[in-house]
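Report on the following structure.
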Amino acid sequence: MAEVLVEKRGHLGVVTLNRPQAVNALTAGMVHAMLEQLTAWAVDDAIKTVLVHGAGDRGLCAGGDIVAIYDDMLRHGDQTADFWAEEYRLNSLIARYPKPYVAFMDGLVLGGGVGISAHGSVRVVTERTRTGMPETTIGFVPDVGGTLLLSRSPGESGTHAALTGAHLSGADALFLGLADHFVPSESLPALAEALESSTAEAAVGRFVQEPPASALSGQRDWIDAAYASDDAEDIVGRLRAAGGEAATAAGTIESKSPTAVKVTLESLRRVRGLSLEEALEQEYRVGMRCLIGPDFREGIRAQVVDKDRNPQWKPASLAEVSQAAVDGFFAPLGDRELKLHSKESDHV
């Protein structure tokens, strides 16, 4: 069975991610199929709008296929590097897409799922949306342009989301700038049908509703105060001192990979002012360093393979992760650099 289904309905091109048993987690084949189809539709005058959604009722996409990444790491292979290179080109294409790109961010939308939705021009969330960048939980760092997206969120709310890896509601996604419109999940089939003949703006306008309040927006005071620092230990100390929800966030951060937390914070600070392509190039450098370090492999083992939820991070504390070690993640890759900015004419 095809992992990506494509069809034309009226003037609408529909991409359906079709691995419902895995919450449509992205494989290399899926990324390639999407990149190829979107590139073709970009210059197809019969297609006015593109819709991306997920098969099944669990979500759009739970991220990349991290079991495949784990197996590749064990074999010291190159498949993950190749997968990321093509995935990031897809993210760049989506961000620059010349036609309305509508993403139904219903159910789970995590990691790589954010990359194929939040860079689009028409991003729809529902009451079922659970999104976020949970990479620090598995010893990794937000990628697919996620560091750039979260660096642009109000105040320090994006820093909080990135370091804690929290699952966020549709309303939180709207607040963070990861989405544009709130539509009840029961209305999505009718919206999809309307997109076949109406403009994206007119179709969404018929179904959009006022979203519920964002819990995250109500926490801005302590979030902005605590995360204003560029030092991870200082942030944790401020959160502890604030007490309540802030202290809970401190405990969450301390359970993550200390290296991933510090590299994530550095990534968010370094990405400010960069283009998406430059951000993806930076994330690629960081990701390649994560592949050869111990925590990414250990995090996947603990969360997904053995499922003991008891990762043994190395180093085990924030204090043991030096600035020099963090800086090493951002060092140039030489001839392995992604160089997305020179690829812009390849697609559209």
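Laboratory data are not the source of any read-out in this text; all were calculated from the coordinates shown. Worth saying up front: this structure is predicted, and the values here are computed from it rather than measured. Here Cβ is always computed from backbone atoms with ideal geometry, including for glycine, and neighbour counts include all displayed protein chains.
Secondary-structure-derived ellipticity at 222 nm for the chain, considering helices only, amounts to -13000 deg cm²/dmol, per-run term -39500 (n - 2.57) for DSSP H runs with n ≥ 4.
Would you mind telling me the antiparallel percentage of the DSSP bridges in the stretch 1-159, rounded to 5? Percent antiparallel among DSSP bridges in the stretch 1-159 is about 25.
For the chain, the share of alpha carbon pairs falling in successive 10 Å distance bins from zero is 6, 26, 35, 24, 9, 1 percent. Comparing Thr126, Thr248, Thr147 in a Gaussian network model of the chain where C-alpha atoms under 10 Å apart are linked, the largest mean-square fluctuation is found at Thr248. Classified by the C-alpha gyration tensor, the stretch 1-78 has an oblate form. Its axis ratio a/c, with a ≥ b ≥ c, is 1.5 or above, and a/b does not exceed b/c. For Lys256, the lysines whose Cα falls under 18 Å of its own Cα, not counting residues fewer than eight places away in the same chain, are Lys307, Lys314. Computed about its Cα centre, the charge dipole of the chain is approximately 200 debye, with only Lys, Arg, Asp and Glu carrying charge at their Cβ.
For the chain, what is the percent of antiparallel DSSP beta bridges, rounded to the nearest 5? The antiparallel proportion sits near 30 percent. Projected onto its three principal axes, the C-alpha set of the stretch 1-154 covers 45, 36, 28 Å, listed from the longest axis down. Neighbours of Gln79, meaning other residues whose beta-carbon lies under 15 angstrom from its beta-carbon, give a summed charge of -4 when Lys and Arg score +1 and Asp and Glu score -1. For the stretch 224-325, trypsin sites (Lys or Arg not before Pro) meeting the loop criterion (DSSP other than H, G, I, E, B) and having at most 10 other Cβ atoms within 10 Å: Lys307, Arg309.
Other residues lying with their Cβ under 11 Å from the Cβ of Arg9 contribute a combined charge of -2, Lys and Arg counting +1, Asp and Glu -1. Across Glu266, Glu337, Glu156, mean-square fluctuation computed from a Gaussian network of the chain (C-alpha pairs under 10 Å connected) peaks at Glu337. Of the residues Ala190, Ala241, Ala324, the one that moves most in a GNM of the chain with alpha-carbon contacts below 10 Å is Ala324.
Classified by the C-alpha gyration tensor, the stretch 68-172 has an oblate form. Its axis ratio a/c, with a ≥ b ≥ c, is 1.5 or above, and a/b does not exceed b/c.
In order along the stretch 83-88, the Karplus-derived 3J(HN,Hα) couplings, from 6.51 cos²θ - 1.76 cosθ + 1.60 at θ = phi - 60°, round to 4, 4, 4, 6, 4, 5 Hz, and Gly and Pro are given as x. The loop-placed trypsin sites (Lys or Arg not before Pro) in the stretch 49-115, going by DSSP, that have at most 13 neighbouring Cβ atoms within 10 Å of their Cβ come out as Arg75.
Charge tally for Val305 (other residues, Cβ to Cβ under 12 Å; Lys, Arg +1; Asp, Glu -1): 0. Compute the Cα gyration tensor for the stretch 233-307, then decide on rounded, prolate or oblate, letting a ≥ b ≥ c be the square roots of its eigenvalues: rounded whenever a/c is under 1.5, prolate when a/b is larger than b/c in the other cases, and oblate in all that remain. It comes out oblate by the Cα gyration axes.
Distance between Cα centroids, the stretch 29-46 to the stretch 283-317: provide it in whole Å. Value for the Cα centre distance between the two parts: 33 Å. Bridging of Lys99 to lysines at a Cα separation below 16 Å is possible for Lys8, Lys48, once same-chain residues fewer than 8 apart are set aside.
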